[in-house]
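A.B. asks: Can you read through this structure? Questions will come right after.
The values are calculated or read from the model by the stated rules, or taken from the named source; none is laboratory data. Since the model is a prediction, treat every value here as computed from it, not as a measurement. Here the Cβ positions follow ideal geometry from the backbone for every residue, glycine too, while neighbour counts run over all protein chains shown. These accessible areas exclude ligands, DNA and RNA; they are computed on the full protein's heavy atoms, side chains included. Shrake-Rupley method; radii C 1.70, N 1.55, O 1.52, S 1.80 Å.
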Amino acid sequence: MKNALYLAWKSLLWQRGRSLTILLSLAITIWLPVTVRLVLDQFRREISERANATPLVLGAKGSRIDLALHALYFDTLPPADTNMAEVESIDNLSTANAAAYAIPLHVRYRTQSRPGIEGAVIVGTSPEYFEFRRLKVAEGQTISLLGDCVVGSNVATKMQLHPGDSILSAPRNAFNLAGDYPLKMKVVGVMAQSHSPDDDAVFTDVRTTWVIDGIGHGHQELNPQTDSQLLLKNDTGTGSVTANAAVLPYTEITEDNIDSFHFHGEPASFPLTAILIVPETEKSRTQILGRYSSSLATAQCLKPPEVIEELLSIVFRIEQLAWVCSIAAGVVTCLLLGLVVNLSMRLRESEMQTMFRLGCSRTTIAMLHGSEILLLLCSASVLAGVAALLTLQFAASVLRSLLF
Amino acid sequence: MIAINQLTFSYRDGTFRLRIPVLTLESGRSAVIVGPSGSGKTTFLNLIAGILPSSGGEIRVGHTDVHRLTDNDRRLFRLLNVGQVFQDFQLIDYLNVLDNVLLPCRIHPSVTVTKTLRERASLLLQSVEMSSFERRSVTCLSQGERQRVAICRALLLSPQVVLADEPTGNLDPVNAERIVRLLRTETRRSGATLIMVTHDHSLLPQFDQIIPFEQFLERTAAAKNDPQVAEGDT
């Protein structure tokens with residue numbers, strides 16, 4: 001076998017062009033289905049892992065897939081908001097027998113883009129989120145004050161952010177002059193890499209996102225006597241004043257102005273885009289699901305693994321299509337390979353005649369041909385394997401970014 | 001020893017018929033076959049090597065009756081016992097000079113390429129002044145150089161019989177002389193029988209036995225009317 005392999009290797013080297021063409025054709029034929037399989041497996045594993053690690057998601061009624069993708073991957077906006085009242089309602093449910101806690105999510109804004117760098121999603125949440133997702137701070141500290149933010153590892157790398165830097169939120173609508181102002185947030189920490197969508201997010205306290213939303217704000221203190229030109233109304237009876245639009249809100253929360261920040265409205269009505277619910281017992285889980293299963297319920301509660309399974313069934317269909325294409329490509333390549341081998345055998349007929357005349361057995365002649373095919377197949381498999389692994393390094397994140 | 005008894009051979013079209021009643025060639029001796037083109041010299045070598053099956057009679061090489069062997073056994077017999085120098089050399093283009101000489105080992109079921117065999121191959125190449133060409137592709141060689149490589153390949157495994165079909169056909173008189181001497185020396189050393197076909201009558205005195213081959217050819221009426229058969233080597 002060693003001699004047959006040696007002769008086959010020499011023959012392949014002699015016909016480099018032909019060998020390389022066959023090698024590449026075979027490698028691509030093997031690479032395609034292997035890569036599709038590996039990438040989809042990785043994608044399925046990643047997407048399922050995060051879904052399985054998220055017991056329940058609460059949000060406004062509407063598309064289940066949109067809500068699940070929003071709560072898990074901060075992608076797609078749910079058609080409507082839910083509010084803090086639902087968080088309080090879950091917290092109130094917590095008793096000794098039905099313990100659960102809710103993690104608010106307000107994911108509506110992004111940071112401002114930089115040349116060539118797209119803005120990152122701003123996730124307003126509570127400290128429980130970091131514990132729940134087991135996120136660690138690699139550099140700096142966690143959020144402690146209004147206006148603080150911690151950035152995911154990918155965001156920090158792309159935007160070259162470090163603790164002490166600042167980052168601006170982007171207004172949702174450039175034409176909404178009376179709406180949200182960009183808020184300058186202070187980066188207090190950088191998260192460790194988690195290989196999840198959390199790496200591409202900027203985390204801040206949910207109250208900070210309400211400030212971006214315009215629900216909370218801070219501005220200079222108004223003195224009814226000296227700042228009369230800034231007042232629309234001065235109710236001396238109640239002592240309350242109404243400022244006009246000339247009073248600009250602060251666009252940065254600092255130690256000096258933090259005390260001036262306040263929120264307007266009922267806290268229970270403050271908007272959230274989704275709520276993660278972590279029931280601590282099966283009973284509380286069932287209780288929460290039952291509560292939101294009614295058609296009269298104001299919100300929907302869903303089990304992410306189920307929703308993601310629905311989504312994956314679509315991916316499976318795509319995978320099947322890819323398999324069919326790969327099989328077709330494989331058949332064509334095999335036919336072409338057969339043709340090439342056949343033509344090659346004809347070209348090498350005189351060589352085989354020499355082998356016969358020297359006394360080469362039929363088995364050895366078959367081994368000479370077989371060794372060539374074996375060498376080509378092995379080399380193509382190795383090449384395809386390496387290419388598949390390299391593709392896997394990049395494709396999973398590309399695929400995720402394409403889908404979500 | 002090669003012993004031939006009542007050997008007959010004919011091609012299917014019936015245009016050519018070879019008949020050798022009795023012929024004996026002793027081990028360690030050399031024989032030269034002479035005769036006009038188409039007299040069956042190459043066919044005779046192919047019959048001894050077992051490349052062609054005979055129509056009848058017996059060819060005994062040592063203790064082996066070649067034509068009683070199966071195809072696979074004939075191949076093995078050839079590989080183990082017969083060294084051949086073909087008219088058109090039949091070297092393998094994708095192998096270099098040394099690998100071409102070592103080819104019988106590469107296709108041998110039990111022989112492996114050892115250091116000793118490599119050294120023997122180098123020594124043979126040296127004896128035909130080809131040692132500086134060891135790593136060169138055979139496609140870059142002249143006809144004479146290719147001829148010498150083919151001879152080295154035939155002698156590598158010290159076969160029992162060496163069959164050389166016009167090995168000096170492309171060589172100048174000096175090199176032709178040298179090649180015949182090499183073949184004679186090597187076969188004598190290993191006790192092998194050398195059978196060589198040549199048209200060069202100046203080389204005949206170097207051989208122990210001269211076989212004029214025309215005597216064995218029986219031409220049919222069809223062949224006599226076919227000028228192509230009469231001209232070409234068979």
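A.B. asks: Can you give the translational diffusion coefficient of the range B:1-106 in µm²/s, computed by Stokes-Einstein from the Kirkwood radius over Cα pairs at 4 °C and 1.567 mPa s? Please report the intermediate quantities before stating the final value.
C.D. replies: Numbers: Rh = 15.3 Å.
It diffuses with D of about 85 µm²/s by this estimate.
A.B. asks: Once the dipole of the range A:1-126 is set up with Lys and Arg at +1 and Asp and Glu at -1 on Cβ about the Cα centre, which of A:Ala102, A:Asn83, A:Leu56 lies farthest towards its positive end?
C.D. replies: The Cα lying farthest towards the positive end belongs to A:Leu56.
A.B. asks: If you average over every viewing direction, what projected area does the convex hull of the Cα atoms of the range A:114-164 give, in nm²?
C.D. replies: On the way: hull surface 15.9 nm².
For the Cα atoms of the range A:114-164, the hull's average projected area reads 4.0 nm².
A.B. asks: Let me ask something additional. With charges set only on the Cβ (+1 for Lys and Arg, -1 for Asp and Glu), what does the dipole of the range A:265-339 come to about its Cα centre, in debye to the nearest 20? If you can, show how the numbers build up before the last one.
C.D. replies: Details: 5 positive and 7 negative charges, 18 e Å.
Dipole of the range A:265-339, to the nearest 20 debye: 80 debye.
A.B. asks: Taking the Cα centre as origin and putting +1 on Lys and Arg beta-carbons and -1 on Asp and Glu beta-carbons, what dipole magnitude results for the protein assembly as shown, to the nearest 20 debye?
C.D. replies: Values: 58 positive and 63 negative charges, 736 e Å.
For the protein assembly as shown, the charge dipole is close to 3540 debye.
A.B. asks: With every protein chain kept in the model, how would you rank A:Met84, B:Met130 by accessible area, 1.4 Å probe, largest at the top?
C.D. replies: Highest to lowest solvent-accessible surface, that is A:Met84, B:Met130.
A.B. asks: OK, next. Tilt of helix A:362-403 relative to the longest C-alpha principal axis of chain A, in degrees (0 to 90, nearest 10)?
C.D. replies: That works out to roughly 10 degrees.
A.B. asks: Of all alpha-carbon pairs in the range A:40-189, indicate the percentage at a distance above 24 angstrom.
C.D. replies: 42 percent
A.B. asks: Continuing with the same structure: If each of B:Asp93 and B:Ser158 carries a label point 7 Å out from its Cα toward its Cβ, how far apart are those two points in nm?
C.D. replies: About 3.6 nm separates the two model spin labels.
A.B. asks: Rounded to the nearest 10 degrees, what's the angle between the helix A:84-93 long axis and the longest principal axis of chain A, both from Cα atoms, 0 to 90?
C.D. replies: Approximately 90 degrees, to the nearest 10.
A.B. asks: Please compute, for peptide A:358-369, the average count of beta-carbon atoms on other protein chains lying within 10 Å of each residue's beta-carbon.
C.D. replies: Mean inter-chain Cβ contacts per residue within 10 Å come to 6.
A.B. asks: Quick one: if you stick a label point 7 Å off each Cα along the C-beta vector at A:Leu389 and B:Ser37, how many nm between them?
C.D. replies: Going by the 7 Å Cα→Cβ label model, 6.2 nm.
A.B. asks: If you take each beta carbon of peptide A:163-169 and count the beta carbons of other chains within 10 angstrom, what is the mean? Let's see the in-between values first.
C.D. replies: Values: counts 0, 0, 0, 0, 0, 0, 0.
Mean shielding count: 0.
A.B. asks: In this model, which of A:Lys136/A:Lys186; A:Lys61/A:Lys186; A:Lys136/A:Lys283; A:Lys61/A:Lys184 are farther than 23 Å apart at the alpha-carbon?
C.D. replies: In this structure, A:Lys61/A:Lys186; A:Lys136/A:Lys283; A:Lys61/A:Lys184 lie more than 23 Å apart at Cα.
A.B. asks: Would you kindly calculate the mean projected area, averaged across all directions, of the convex hull enclosing the Cα atoms of the range A:254-404, in square nanometres?
C.D. replies: Working: hull surface 82.1 nm².
It is 20.5 nm².
A.B. asks: To the nearest 10 Å², what's A:Met1's accessible area with a 1.4 Å probe?
C.D. replies: So the heavy atoms of A:Met1 present about 110 Å² to solvent.
A.B. asks: If you take every DSSP beta bridge whose two residues both sit in chain B, what share of them, in percent to the nearest 5, is antiparallel?
C.D. replies: Rounded to the nearest five, the antiparallel share is 55 percent.
A.B. asks: Related question: What Kirkwood hydrodynamic radius do you get for the protein assembly as shown when you take the inverse of the mean 1/r over all pairs of distinct Cα atoms, in Å?
C.D. replies: Here the Kirkwood hydrodynamic radius works out to 33.0 Å.
A.B. asks: May I pose another question? Note down the nm distance, to one decimal, between modelled labels 7 Å out along Cα→Cβ at A:Gln42 and at A:Glu88.
C.D. replies: 4.6 nm
A.B. asks: Considering only protein heavy atoms, with the full assembly of protein chains and a 1.4 angstrom probe, order B:Glu186, A:Glu49, A:Glu88 by accessible area, largest first.
C.D. replies: Sorted by accessible area, descending: A:Glu49, A:Glu88, B:Glu186.
A.B. asks: How big is the range A:293-367 on each of its three principal axes, counting only the C-alpha atoms and giving the largest first in Å?
C.D. replies: Over the range A:293-367, Cα extents along the principal axes are 91, 19, 10 Å.
A.B. asks: Follow-up question, since we're still on this one. Using the C-alpha gyration tensor of chain B, what are the square roots of 5 times its eigenvalues, in whole angstrom, with the largest one first?
C.D. replies: Over the Cα atoms of chain B, the ellipsoid semi-axes are 29, 20, 17 Å.
A.B. asks: I need the calculated FRET efficiency for the pair A:Leu20 and A:Ser113, taking r as the beta carbon distance and R₀ as 35 Å, to the nearest 0.05.
C.D. replies: 0.20
A.B. asks: Same structure, new question: So in the protein assembly as shown, what percent of DSSP beta bridges are antiparallel if you round to the nearest 5?
C.D. replies: The antiparallel proportion sits near 65 percent.
A.B. asks: Let me ask something else. Please report, largest first and rounded to whole Å, the three semi-axes of the ellipsoid equivalent to the range A:1-112, where each semi-axis is the square root of five times an eigenvalue of the C-alpha gyration tensor.
C.D. replies: They are 58, 17, 10 Å, listed largest first.
A.B. asks: Related question: In straight Cα distance, which lysines are under 19 Å from A:Lys10, not counting same-chain residues fewer than 8 positions off?
C.D. replies: A:Lys2
A.B. asks: Something else now. What's the angle, to the nearest 10 degrees (0 to 90), between helix B:115-127's Cα axis and the longest principal axis of chain B?
C.D. replies: Roughly 70 degrees between the two axes.
A.B. asks: Next question. Rounded to the nearest 500, what is the 222 nm mean residue ellipticity of the protein assembly as shown from helices alone, with -39500 (n - 2.57) per DSSP H run of 4+ residues and division by all residues?
C.D. replies: -14000 deg cm²/dmol
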